[in-house]
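Notes for the one structure printed next.
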Amino acid sequence: MDTEKTAQQILASIGGEANISSLVHCATRLRFKLKDTSSADKAITTDIDGVISVVESGGQYQVIIGNRVSEVFNAIQSLLQHSDETANNNTRETSQSEQKETLFSRTVDIISGIFTPFLGALAASGILKGMLLMLSSLGWMSKESGAYVIWFAAADSIFYFLPIAIAITSAKKFAANIFVALSVAGALVYPTLIAMFNDKAALDFFAIPVILMRYTSSVIPIIFSVWLLSLLERFLNRILHDSIRNFINPLICLMVIVPVTLIAIGPLGTWLSLGLAQGYEYIYNLSPMVAGVVTGIGWQYLVIFGLHWAFVPIMYNNISVHGYDTLKPLFAPSNFAQAGAAFGVFLKTKNPKIKQIAGPATVTGLFGIVEPIIYGISLRYKKPFLWATIGGGIGGGICGFIGATSLAPGIPGLASLPIFYGPAFTGFIFSIIFSFIFTAVMTYTFGFNDNMEKEMLSDNKNKKENQINNQPKLSH
């Protein structure tokens, strides 16, 4: 795949640069926010070399690339000529047009825009943290050693200062001043305030009591703070004269937003975080095994439409509140089940073209990238997807039954296994192995044969012929 050529063709197929309001990417997808979706030609985009599929969901035009998505993203970024000011104007225009969208679509768009940019760093930090925990638990590395201390600082820093990372991406999403947003987030983790919280000291703001909270690793408070900051900035830009706007606007914002955050938004956001975590825990504890089965079966359907991002804040919030998450282990086996489906097809088929797709897709699936499998194998032939959902559901039920947990965010796969290290780690390993083998065997035995490809090609040919025959004929 020529990434430059692919980037140019994608831009052309979606209506050009002028039709883009925003663009982010996750592990496998380019997530466009388009001003006019009717200007994008889905069929043309899908036929571009390097594009696996196109999904319109959650208010986004999602172009599925696979492992090389970051390369294509960078190539597109190099073609875009937006200045920061233009990008901010586009974001504001998007905010006005979003009124026509559903609340759920807007929520998914906001969540993906905030969390996707630093997902790789979080995943890497989580894996390193899990590795260090494993090494120390096995007695292979002392927690007092210099190497452990330095590596743990590297692994834990982004979690400790998570409000700062979220402030950057939230500011871009809400079109707020990034450096003012950083200042607000920095105040939340300022050493003096943390020390006062630890000492249970009293604090007031002009006689207004301040409820001190621990905001390190927090998620929700800073998102609401930056959103409020963006509203205040826009209001001040309308009323302040150009000659003083550049420094008076940030001054007023800092003087207002930081106290408001510490007095109201922060505590309310923290209580909302606790309520969200407790609500999830209540549902989970009703029957962890049933929760695992439902999550394991349903997760891949969410992935198809890119709607799984709606659950990302729950996982982040669980880690922030409890120090661990129980949701990610419930759907982790479904990724390995999809890899098993691809492997079953790879073993069964005698068609070299299908083998060329199924073999590499199996490898990427084992490392958590399942879109090439879903769109290239399992959904294409339908039955492999069915067996993958069943295998994922059984594996999720096992994880719920044994109480598997994850220490950090990250795409479930072989490379991220350390983030699942804990008392139920052995059971978790069993669940993903079972999901992979079960799905591979059932797909090989009942879920695929080479006639499926021939039948599908024949059906597609008949559909095209019918479309041609049904077209109105011009009279002369």
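Hey, can you tell me all the residues within segment 235-288 that are small (G, A, S) and assigned to a helix (DSSP H, G or I)?
Just the residues of segment 235-288 that are small (G, A, S), to begin with: 243, 264, 266, 269, 273, 275, 277, 279, 287.
Once the filter is applied, which keeps residues that are small (G, A, S) and assigned to a helix (DSSP H, G or I), segment 235-288 yields S243, A264, G266, G269, S273, G275, A277, G279.
Restricting attention to segment 402-411, does a residue exist that is assigned to a helix (DSSP H, G or I), in contact (Cβ under 8 Å) with a residue 24 or more places away in the chain and buried (at least 24 other Cβ atoms within 10 Å of the Cβ)? Walk me through how you get there before you give the answer.
Residues of segment 402-411 assigned to a helix (DSSP H, G or I): 402.
Now drop any that are not in contact (Cβ under 8 Å) with a residue 24 or more places away in the chain, which leaves 402.
Filter once more, keeping what is buried (at least 24 other Cβ atoms within 10 Å of the Cβ): none.
Scanning segment 402-411 turns up no residue that is assigned to a helix (DSSP H, G or I), in contact (Cβ under 8 Å) with a residue 24 or more places away in the chain and buried (at least 24 other Cβ atoms within 10 Å of the Cβ).
Of the residues E371, E281, which single one is surrounded by 24 or more Cβ atoms within 10 Å (Cβ to Cβ) and charged (D, E, K, R)? Please lay out each step first, then the result.
On the way: E281 fails: surrounded by 24 or more Cβ atoms within 10 Å (Cβ to Cβ).
Going through E371, E281 in turn, the sole match is E371.
Which condition number in (1) in contact (Cβ under 8 Å) with a residue 60 or more places away in the chain; (2) more than 28 Å from the chain's Cα centre (by Cα) is the one that F174 fails?
So F174 meets the others, but not (2).
Determine whether S225 is at pLDDT below 90 and of a type outside the set (K, R). Even if it seems obvious, please write down each step before you answer.
Numbers: at pLDDT below 90: no; of a type outside the set (K, R): yes.
No.
In segment 425-453, which residues are among the aromatic types (F, W, Y), in a helix (DSSP H, G or I) and more than 10 Å from G391 (Cα to Cα)?
To start, the set of residues in segment 425-453 that are among the aromatic types (F, W, Y) comprises 425, 428, 430, 434, 436, 438, 444, 446, 448.
Checking which are in a helix (DSSP H, G or I) leaves us with 425, 428, 430, 434, 436, 438, 444, 446.
Selection gives F425, F428, F430, Y444, F446.
Per-residue answers, yes or no, for (1) within 28 Å of P409 (Cα to Cα); (2) among the basic types (K, R); (3) in contact with a strand residue (DSSP E or B) (Cβ under 8 Å, 6 or more places away or on another chain):
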{"position": "T6", "(1), (2), (3)": "no, no, no"}
{"position": "G16", "(1), (2), (3)": "no, no, no"}
{"position": "T28", "(1), (2), (3)": "yes, no, yes"}
{"position": "R31", "(1), (2), (3)": "yes, yes, yes"}
{"position": "D36", "(1), (2), (3)": "no, no, no"}
{"position": "T45", "(1), (2), (3)": "no, no, yes"}
{"position": "I52", "(1), (2), (3)": "yes, no, yes"}
{"position": "E56", "(1), (2), (3)": "yes, no, yes"}
{"position": "G59", "(1), (2), (3)": "yes, no, yes"}
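If I filter segment 317-334 for residues that are farther than 22 Å from P423 by Cβ, in the same structural domain as F401 (by TED's automatic domain parsing) and surrounded by 24 or more Cβ atoms within 10 Å (Cβ to Cβ), do I get at least one hit?
Yes, there is a match, as at least one residue in segment 317-334 is farther than 22 Å from P423 by Cβ, in the same structural domain as F401 (by TED's automatic domain parsing) and surrounded by 24 or more Cβ atoms within 10 Å (Cβ to Cβ).
Inspect segment 439-462 for any residue being under 15 Å from T326 (Cα atoms), modelled with pLDDT of 95 or more, surrounded by 13 or more Cβ atoms within 10 Å (Cβ to Cβ) and not β-branched (V, I, T) and give the result as yes or no. Don't jump to the end; show me each part of the working.
Let us first name the residues in segment 439-462 that are under 15 Å from T326 (Cα atoms), namely none.
Scanning segment 439-462 turns up no residue that is under 15 Å from T326 (Cα atoms), modelled with pLDDT of 95 or more, surrounded by 13 or more Cβ atoms within 10 Å (Cβ to Cβ) and not β-branched (V, I, T).
Quick check, is N237 outside the structural domain of A404 (by TED's automatic domain parsing) and either surrounded by 14 or more Cβ atoms within 10 Å (Cβ to Cβ) or closer than 26 Å to S320 by Cβ (or both)?
Numbers: outside the structural domain of A404 (by TED's automatic domain parsing): yes; either surrounded by 14 or more Cβ atoms within 10 Å (Cβ to Cβ) or closer than 26 Å to S320 by Cβ (or both): no.
Judged against the criteria, N237 is not a match.
Among the numbered criteria (1) in the same structural domain as V260 (by TED's automatic domain parsing); (2) in contact (Cβ under 8 Å) with a residue 12 or more places away in the chain; (3) not small (G, A, S), which single criterion is violated by Y148?
For Y148, the exception is condition (1).
Are any residues in segment 336-368 surrounded by 24 or more Cβ atoms within 10 Å (Cβ to Cβ) and free of Cβ contacts under 8 Å to residues at least 60 places away in the same chain, and if so, which ones? Explain how you work it out, then say what you get.
First, pick out the residues of segment 336-368 that are surrounded by 24 or more Cβ atoms within 10 Å (Cβ to Cβ): 336-345, 358, 361-362, 365.
Residues satisfying the conditions are A342, A358, A361, T362, G365.
May I ask you to list the residues in segment 269-325 that are under 19 Å from T405 (Cα atoms) and β-branched (V, I, T)?
Residues satisfying the conditions are I283, V290, V293, V294, T295, I297, V312, I314, I319, V321.
Based on this model, can you work out whether P267 counts as under 30 Å from R214 (Cβ atoms) and not assigned by TED's automatic domain parsing to the domain that holds T443? Spell out how you get there, then give the answer.
Working: under 30 Å from R214 (Cβ atoms): yes; not assigned by TED's automatic domain parsing to the domain that holds T443: yes.
Yes: the conditions hold for P267.
Name the helices (runs of 4 or more DSSP H) wholly inside segment 117-188 in which the number of residues that are in contact with a Phe, Trp or Tyr (Cβ under 8 Å, 6 or more places away or on another chain) and hydroxyl-bearing (S, T, Y) is 2 or more.
Values: elements: 119-137, 146-160, 162-174, 178-188.
It comes to 119-137, 162-174.
The values are calculated or read from the model by the stated rules, or taken from the named source; none is laboratory data. What you are looking at is a predicted structure, and each value in this text was computed from that prediction instead of being measured. Every residue, glycine as well, gets a Cβ built from its backbone with ideal geometry; the counts of neighbours run over all protein chains shown.
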